[in-house]
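A short write-up of the structure that comes next.
Values in this text are rule-based calculations from the coordinates and carry no lab data. These numbers come from a predicted model, not from an experiment. Here the Cβ positions follow ideal geometry from the backbone for every residue, glycine too, while neighbour counts run over all protein chains shown.
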């Protein structure tokens, strides 16, 4: 089970890095084609936006796993261990519930778009596919937050993964 | 409603709830308690906030910065600049500042600049006899120019929340960035003269040409990126993508100090960070949607204009507010949350949004250099292995220079607006 989760985690991370890198390279090819071959990828801007939304939610979910989301941790880091554990547990439960709520309403929006049969302007892609990453990754974030709460309850605190820091702005 | 939102906001933030989630939770609670708008609107707002092509410039610039940091572009750049100015009094320090300015023009990130230039320049400065504190302080501060000199990630974030042109903001950052850079160069030369620090040997013309040839690909990048944007060849997002492609090409096929197998690992860290930043932006824009729907910016504008009669005093108050807030929260988040709140006030005072944006970016720069959220300080600690006290001690005298520049840019709008007025308006 542990190996399966490890493998899924690796796939998740690889998908994220290759998505952003792939988008950048397609954008470069697009610029080249526009000037050198006089061909314009009309679908690229739209595809870029939707793939960007997918990658943002995927990365935000990994951010929960590695505790790389920005927070004001001045108070929490100076609190006594017992208070810190209680706060971590509370934050995990609260954020988990909020993400579950987001997943529920996101899913309703997906269903609504599916029923209406909305499609995007350039690619004619069903819009429910564009909305799908929100409920899916919100659900994964909820599960990750509940795991944080459970770990805090059992006395293990989540600390930011050092190698993910230092790139902001 | 405002009281509940404010209390919820403060309580969740102080408890350490991640800011992006805190903003989403507060919006959800406010909608549930005080509005007939369904919660589904939050999902739509999150989607709409991220549904923008300009936004992709952020992960692209973060990726490009991290590829260049791991590769050899910075090293070649430093060797060339050092051969040009290394022999004047304080020359090595001046090369450090100039290398930061140059790297800032290709990376868009302050911490990436500190890592790329600091890991090479700080040991070199200490070896040449510069005081350790001075060397760390100088490069940590100069590295923060990464967000003032275009391209700049916080500028793109500001443009998105305030609906300002990215090209104008980028151009407006050039003169303030050079002003700060010049002040740091003058300070370095004065310090070097006073302490009689060692002066390097003047290199031969052949040496300058050799390092110039080796650094050619690094020097060409800002010309390609900024030249491409202003000549209309590509959009800022495409420019960011081109800088990723260019950095990959140069590192993999020309300098060959990075292997293809390392690339996914390099991209992994930066992609997660960029996603967290984009998610924070989505949270902030959703929260701003709530504020606008409840007419809170208009209420803030009425309140501020009743109590503060001059725009200059308002700008001073904003600077003070951000300097104080910088002690409690990360300054990028503070600017993302606060700027739209003052949109109506800015229009009431006829303050140019681009000028205000540059003032905000300088405040973020200041925030990056002051504890407890000074990201550059922590990055510098990581690069040098020194304690926070040493890094802060080194940065402190240079903060006075930054403060003077901040006030100058705040009260002389033409420093930021001259170039956009001349070329873009």
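Numbers for the structure displayed
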quantity: Percent of C-alpha pairs per 10 Å bin, the protein assembly as shown, short to long; calculated: 3, 17, 28, 28, 17, 6, 1, 0
quantity: Semi-axis lengths, Å, segment B:107-246, gyration tensor of Cα atoms, sqrt of 5 times eigenvalues; calculated: 31, 20, 13
quantity: Angle in degrees between helix B:388-411 and the longest Cα principal axis of chain B, rounded to the nearest 10; calculated: 70
quantity: Listed residues B:72, B:247, B:11, most fluctuating in chain B (Gaussian network, C-alpha, under 10 Å); calculated: B:11
quantity: Of B:248, B:388, B:402, the one that fluctuates the most in a GNM where chain B has Cα springs shorter than 10 Å; calculated: B:388
quantity: Sites residue B:233 and residue A:25 - FRET efficiency at Förster radius 25 Å, r taken between beta-carbons, to 0.05; calculated: 0.90
quantity: Ratio of the Cα radius of gyration of chain B to 2.2 N^0.38 Å, where N counts its residues; calculated: 0.99
quantity: Segment B:1-85 - Rg and Dmax from Cα coordinates, angstrom; calculated: 21.6, 67
quantity: On Cα atoms only, tilt of A:2-32 relative to the major axis of chain A in degrees; calculated: 40
quantity: Segment residue B:299-residue B:253, extension gain: residue separation times 0.36 nm, minus the distance between their alpha carbons; calculated: 10.9 nm
quantity: Nearest 10 degrees, 0 to 90: helix B:110-127 Cα axis against chain B principal axis; calculated: 30
quantity: Label point distance in nm, residue B:424-residue B:224, each placed 7 Å from Cα along Cα→Cβ; calculated: 2.3
quantity: Length-normalised contact order for segment B:160-259 - Cα pairs under 8 Å, 6+ apart - percent; calculated: 22
quantity: Gain in span if fully extended, residue B:34 to residue B:87, counting 0.36 nm per residue against the direct Cα distance; calculated: 12.4 nm
quantity: Estimated FRET transfer efficiency (residue B:127, residue B:327; beta-carbon r; R0 30 Å; 0.05); calculated: 0.30
quantity: Length released on extending from residue B:388 to residue B:178, taking residue separation times 0.36 nm less the Cα-Cα span; calculated: 72.8 nm
quantity: Shape call, segment A:19-139: gyration tensor on alpha carbons, a/c limit 1.5; calculated: oblate
quantity: Candidates B:283, B:232, B:245: whichever shows maximal mean-square fluctuation once chain B is modelled as a Gaussian network with Cα springs under 10 Å; calculated: B:232
quantity: Global form of segment B:175-324, assessed from the alpha-carbon gyration tensor, a/c cut-off 1.5; calculated: oblate
quantity: Tensor-based shape of segment B:148-217 (alpha-carbon gyration tensor, a/c under 1.5 rounded, otherwise prolate or oblate); calculated: oblate
quantity: Inter-label distance, nm, simple model (7 Å from Cα along the C-beta direction), residue B:350/residue A:34; calculated: 3.7
quantity: Whole-Å distance, taken between Cα centres, linking segment B:352-384 and segment A:121-142; calculated: 35
